[in-house]
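In what follows, a single structure is set out as structure tokens and then discussed.
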Amino acid sequence: MAPQITLSGRSMARGAFRPGRIVAWTLLLIGGLVMVTPLLFMLSTSLKDASQVYDLKLIPESPSFDNYWTVLSDGRFLRWFINSLVIAVTVTLSNVFFDSLVGYTLAKFQFRGRYVIFIAILSTLMIPTEMLVIPWYLMASTFGWVDTYWGIMFPGMMTAFGTFLMKQFFETVPDEFLEAARVDGLNEFTIWWRVAMPLVTPALSALAIFTFLGNWTAFFWPLIVTNSRELYTLPVGLSSFAVEQAIQWEMIMTGASLATIPTLIVFLLLQRYIVRGVMLAGLKG
Amino acid sequence: MATIALDGLVKRYGKTPVVHGIDLHVKDGEFVVLVGPSGCGKSTTLRMIAGLEDISGGTVSIDGHVVNEFEPKDRNIAMVFQNYAIYPHMSVGQNIGFGLYTSKLSETDKKKRIAETAQMLGLEALLDRRPAQLSGGQRQRVAIGRAMVRNPVAFLFDEPLSNLDAQLRAQMRIEIKKLHQRLGTTIVFVTHDQVEAMTMADRIVVMRDGHILQVGTPMELYDNPTDIFTARFIGSPTMNLLPATIRDEGGARTAILKSGRLSLPVPADAAVSHGADVLVGVRPHDLVVDEAEAGQTFVLTGEVSVVEPLGAETLVHLDLGGTPAIATAPGRAIPRAGDSVTVRAPAGSLYLFDAKTERALCRM
């Protein structure tokens, strides 16, 4: 007689009352609401006229896209949008290139002082941005970088976090891949570019998303280093809506809603990589 | 094709030596297998030939030129790695073609070379596939293809079959051997599997603890091992070793087995003296479960502990007076665990080893 097969405990438990799961779902729901509510209010406010801004209703009484036309027809907004895009894209490309180059070197080459360099890079993570702003400004002032694109970008062109992230990922690339390429006659730069980089695509995507978002929403440093309105980034420009005359919340929210579009595009394009990237980053600890 | 010569080759990590001045000359077109347990220095030796490890002492020469200071790319050798090292982001065709990345051939010639290589390895239909869509054997063939496409003077294989299942491993052994017969290129192949070494090599190099113990053809090593390690490493199942003591009575020397009190005559030329501890070696295929025949000296009785029927024969695990041993029972005569059986070995099939130095003393 054939032995009787019973379902595993996991299968048996499916559909059964599980208090732990209910608590988890409730917490997740609360967390989700906390994060989504401001976004919904932002969108809602962008569809209201100035008289309805303070009624705090989520669904506007007479929604209209007038604010969007107003913002988009204002040449300044487009200029700030382009500024932010240029800066965020340039800094992202720079980070992807330099962080991975340094991370690869620290992960895959044995040389004297390697550990010291790595610790020195890591230690910069512990210095708060607020402490660095004054030296950055002095540097920018000395070299004539104040109120220039380069002045906004230079502190973030390479980051300790990105270098650390890429080093951790490159360590997971088996040496045999690189050695096989070495035997096949490739030089070290080509090995990095043609062999190692495609193998860490999830990490590169994660780094690209983090860097892009960080720079797209950057406010503090661009505010300090820029003087002319033509060089404002989008967050700095939007904040000027608040100080020019009366606070125009509907315009700020419209601008902010438009500002989320590039981040959504970046996220949608790279999300399948970022999930893997974040998971792997977690595993590598 | 090329000769490869290692002269006094040394590798140290810090102050710890891992390869102790080995000498080896690989002939043009020869298939040499470096075999030994993990940590014996065989892969390190291969990597020094490839140029992937710095050389701490001695020389590596390819075709008579010392290449110690040459970069891997300047040695014109190709290497196949244990985990294949084929790039997951490239198709089979791109992987094979990657070997020609630095070649000055025209694109047309490169494509032609890739197609020829793929055809030789039966990969024509898979050229557009990604490695993830291939079986282990196909991946291994792609790795070999990438190595072949450059027409290198020598191939280096670093345990290339160890990730494959037993059936595929046997198949790939034959394919690599056929490939060698067709191309005639010099091959240095590293493995810890003595079956791979025996079945593929023109010559086997047995390594242990960074030293070469013995170099020879598979049958030379099987028939005349110079020490216990080689004797037990080559051949499957491993050679039985039965402890014994030498007794010299009026010039007539005998080895008295501790298990079974059997007395075996020792040849006069064996460099061993009275009272010395020795080990008598007998291969499981020479130790047959059968009734003793008249005139045979090596006859023992033992209790069966486990039997392993293999079809054509059965491996019989025995207890010979406290010493475990493996014998073979021919055909379908399968004893049962607990049975008391007689085993015998023909004259000339025994080996005598010094128990202290572990060196071979003579055949008996």
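The values are calculated or read from the model by the stated rules, or taken from the named source; none is laboratory data. Since the model is a prediction, treat every value here as computed from it, not as a measurement. Glycine gets a Cβ as well: all are built from the backbone with ideal geometry, and neighbour counts include every protein chain shown. When the accessible area is computed, the model is the full protein with side chains, heavy atoms only, and any ligands, DNA or RNA have been set aside. Shrake-Rupley method; radii C 1.70, N 1.55, O 1.52, S 1.80 Å.
Observations
- Per residue, segment B:263-364 exposes an accessible area of 50 Å² to a 1.4 Å probe, with every protein chain left in place.
- Taking all Cα pairs closer than 8 Å and separated by 6 or more residues, the relative contact order of segment B:240-363 comes to 27 percent.
- Alpha-carbon centroids, segment B:117-189 and segment A:131-195: separation in whole Å: 38 Å
- The largest accessible area among B:ARG75, B:ARG336, A:ARG182, B:ARG182 belongs to the first residue in B:ARG336, B:ARG182, A:ARG182, B:ARG75, and the rest follow in falling order (1.4 Å probe, all chains).
- Here the mean projected area of the convex hull built on the C-alpha positions of segment A:159-268 is 9.5 nm².
- Fraction of accessible area attributable to carbon and sulfur, the protein assembly as shown (%, probe 1.4 Å): 60 percent
- 3J(HN,Hα) from dihedral phi, segment B:183-190, Karplus parametrisation 6.51/-1.76/1.60, rounded to Hz, x for glycine, proline: 8, x, 7, 4, 10, 10, 10, 9
- Counting Cα-Cα pairs of the protein assembly as shown in 20 Å increments starting at 0 gives whole-percent bin shares of 14, 31, 29, 17, 8, 2, 0.
- Here the Karplus relation 6.51 cos²θ - 1.76 cosθ + 1.60, evaluated at θ = phi - 60°, turns the backbone of segment B:308-315 into coupling constants of 10, x, 10, x, 5, 8, 10, 7 Hz, with x for every Gly and Pro.
- Simple rule: put +1 on each Lys or Arg Cβ and -1 on each Asp or Glu Cβ in chain A, find the dipole, and look at A:THR217, A:PRO128, A:ALA24; the Cα lying farthest toward the positive end is A:ALA24.
- Whole-number accessible area per residue in Å² for segment A:18-64, which is evaluated in the context of all protein chains at 1.4 Å: 75 Å²
- Across chain A, counting alpha-carbon atoms alone, Rg and Dmax equal 24.5, 89 Å.
- Pairs of Cα atoms nearer than 8 Å and 6+ residues apart set the relative contact order; for chain A it is 28 percent.
- Based on C-alpha pairs under 8 angstrom that are at least 6 apart in sequence, chain B has a relative contact order of 15 percent.
- Between amide H atoms placed 1.01 Å from N, distances below 5 Å from B:PHE157 occur with B:VAL80, B:VAL188, B:PHE189, B:VAL190, all of them 5 or more places distant or on a separate chain.
- Rolling a 1.4 Å probe over the protein chains gives A:LYS108 an accessible area of about 40 Å².
- Between the beta carbons of B:ASP319 and B:VAL66, assuming R0 = 51 Å, the FRET efficiency works out to 0.40 to the nearest 0.05.
- Values of log10 I(q)/I(0), in the order q = 0.12, 0.15, 0.21 Å⁻¹, for segment B:1-83 under a Debye, Cα-only, solvent-free model: -0.32, -0.51, -1.04
- Computed packing ranks the peptides B:56-68, A:26-38, A:143-155 as A:143-155, B:56-68, A:26-38, most packed first, by mean other Cβ atoms within 10 Å.
- Solvent-accessible area buried by pairing B with A, both sides, nearest 100 square angstrom, 1.4 angstrom probe: 1700 Å²
- Translational D in µm²/s for segment B:40-122 (Stokes-Einstein at 4 °C, 1.567 mPa s, Kirkwood Rh from C-alpha pairs): 87 µm²/s
- Taking packing as the residue-averaged number of other Cβ atoms within 10 angstrom, the listed peptides B:270-279, A:131-140, B:104-113 run from highest to lowest as B:270-279, A:131-140, B:104-113.
- Overall Cα dimensions of chain B - principal axes, largest extent first, Å: 79, 47, 33
- Value in Å of the Kirkwood radius, where segment A:93-196 supplies the Cα pairs that are averaged: 15.5 Å
- If you model segment B:240-363 as an ellipsoid using its alpha carbon gyration tensor, with each semi-axis the square root of five times an eigenvalue, the axes come out at 28, 13, 13 Å, biggest first.
- Residues whose amide H lies under 5 Å from that of B:ALA2, counting only those 5 or more places away or on a different chain, are B:GLY29, B:THR186; hydrogens are built 1.01 Å from N in the peptide plane.
- Antiparallel DSSP beta bridges within the protein assembly as shown, as percent of all bridges there, nearest 5: 80 percent
- Sum of -39500 (n - 2.57) over DSSP H runs of 4+, divided by residues of the protein assembly as shown (222 nm, nearest 500): -13500 deg cm²/dmol
- Peptide A:170-183 shows a mean partner chain C-beta count of 6 within 10 Å per residue C-beta.
- Solution diffusion estimate, µm²/s, Stokes-Einstein, segment A:144-207, Kirkwood Rh from C-alpha pairs, 10 °C, viscosity 1.306 mPa s: 116 µm²/s
- Whole-number D in µm²/s for segment A:14-74 (Stokes-Einstein; Kirkwood sum over Cα pairs; 4 °C, 1.567 mPa s): 91 µm²/s
- When you count the other C-beta atoms within 10 angstrom of each residue and take the mean per peptide, A:217-223, B:126-132 line up highest first as A:217-223, B:126-132.
- Long-range HN-HN contacts of B:THR323 with modeled amide H, under 5 Å: none
- What the phi angles of segment A:220-235 give under the Karplus curve with 6.51, -1.76 and 1.60, with θ = phi - 60°, is a coupling list of 4, 5, x, 5, 6, 8, 10, 10, 7, 5, 5, 9, 4, 8, 4, x Hz, glycine and proline written as x.
- Within-12-Å neighbourhood charge of B:THR191 [Cβ basis; K, R +1; D, E -1]: -1
- Peptide A:184-196 - average C-beta neighbours from other chains (10 Å radius): 4
- Of B:HIS317, B:HIS211, the residue with the largest accessible area leads and the full order is B:HIS211, B:HIS317 (1.4 Å probe).
- Coarse-grained scattering of segment B:76-151 at q = 0.12, 0.14 Å⁻¹, given as base-10 log I(q)/I(0) from a Debye sum over alpha-carbon atoms: -0.26, -0.36
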